[in-house]
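Visitor: Would you mind keeping the following structure in view while I ask a few things?
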Amino acid sequence: MNTPPNSDCRDCAGSISLPTLDRRRFFRLVGGAAVGSLASRFLLDDALAAPLRPANHQTKPTEELVREFHASLNPFQRQQLMFPWNYAGAGSGPARLGVYNTAIGKAIGETCTKGQRELIERIMMSMASGDDGWRKITRNGGWDAADGILSCGAYIFGDPEGDRKFSFLFTGHHLTMRCDGNSEPNTAFGGPIFYGHIVNGYSERNVFNEQTLKVMSVYDALNPDQRKHAVVYGRPAGRDDTVFFPTGGGELPGIAGGDLSADQKGLIEGVLRDVLSPYREEDVAEVMDIVRANGGMEKIHLAFYRDTETSEKEPWSYWRLEGPGFIWNFRVLPHVHTYVSVAKV
């Protein structure tokens, strides 16, 4: 079985979830990230980062740009980068809904022309909320990989022409994103997403540090009794160290929005707005519509996890927002891994 090159992100290896795609069509399998020996690159001054915006950043709807990318593919590229809507690969479910931590087939640098690479950047930028969203999604322009966007992958499931179902899937180190023109009903982001950054989540160099600080401010606002309910010792229950499925049965971990004061609820809503801030308006609106349909913020629980890696200065290894059909599982230590799934129930 082919495997990706060694990763400096040791705990990424083998950690990303389902489903995988079969070897016959993909030669690079999920479970690692090609960052070579340059992890220190991500700890350098941000001034060394690549330009944050593509040279051509005209605003077009994401789906229109995906259709342009699809139309640009020659027959060989379509063989490498396009798959049937219900393609299952070697996994147990639709491959388009997988969560991945590397390019899962031929990488952008191996298959795409310079013009197509720029078009893929425009697609990704259109899925972000302006410059700050683009900075977070690209991790300061470096994509958390030694070869930047060239080592990432861009794939199409289904057919984006006309009114057919499709999903554009972008995968790379610490990133799974997609758009689907609402082909996946009652599901935000077209399915689960994954994001992270190789820098410690408490560090100011981590592009998601604001999310960590926002959550810490919520804890600071809790009274002693509320803190007893909000803190969980150990790690979240789930499939593995990165991807977490809904809590099975019983009471959700942490403290519910319904048990908080109006001011405290406002702080949790602020956390939700902050974690949604990198994404385009229509994705944010869809998440909020689903949250309301599933019972609103009062049904959302917030849990703070402590384990052997935490300390007084770095008190949480994970924090987690969870409610009906909703998971935002954010691992802070040793660096950020975040799994997100939002769907109507």
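The values are calculated or read from the model by the stated rules, or taken from the named source; none is laboratory data. This one's a predicted model, so the numbers in the text were calculated from it and none came from an experiment. Cβ: placed from backbone, ideal geometry, glycine included. Neighbour counts: every protein chain shown. Keep in mind that these areas ignore ligands, DNA and RNA; they rest on the heavy atoms of the full protein, side chains included. Shrake-Rupley method; radii C 1.70, N 1.55, O 1.52, S 1.80 Å.
Visitor: I need the Kirkwood Rh of the stretch 272-326: take the reciprocal of the average 1/r across all distinct C-alpha pairs and report it in angstrom.
Guide: Result for the stretch 272-326, one decimal place: 12.9 Å.
Visitor: Ranked highest first by average number of other Cβ atoms within 10 Å, how do 316-328, 179-191 line up?
Guide: Details: 316-328: 22.8, 179-191: 19.7.
With the highest mean Cβ count within 10 Å placed first, the list reads 316-328, 179-191.
Visitor: Across bins of 5 angstrom width beginning at 0, how are the C-alpha pair distances of the stretch 208-345 distributed, in whole percent?
Guide: 2, 10, 21, 25, 22, 14, 4, 1
Visitor: On to the next question. Could you report the stretch 205-345's accessible area per residue, 1.4 Å probe, as an integer in Å²?
Guide: Values: 6190 Å² over 141 residues.
Per residue, the stretch 205-345 has 44 Å² of solvent-accessible surface.
Visitor: Keeping all protein chains in place, calculate the accessible area per residue for the stretch 78-168 (probe 1.4 angstrom), answer in Å².
Guide: Values: 2990 Å² over 91 residues.
Computed with neighbouring chains in place, this is 33 Å² per residue.
Visitor: Let me ask you something else. Quick one: compute a quarter of the convex hull surface over the Cα atoms of the stretch 78-221 and quote it in nm².
Guide: On the way: hull surface 41.6 nm².
Taking a quarter of the hull surface, the average projection is 10.4 nm².
Visitor: Can you return the lysines within cross-link range of K136? Criterion is Cα-Cα under 25 Å, with same-chain partners fewer than 8 residues away left out.
Guide: Once the sequence-local lysines are set aside, what remains near K136 is K60, K106, K114, K214, K313.
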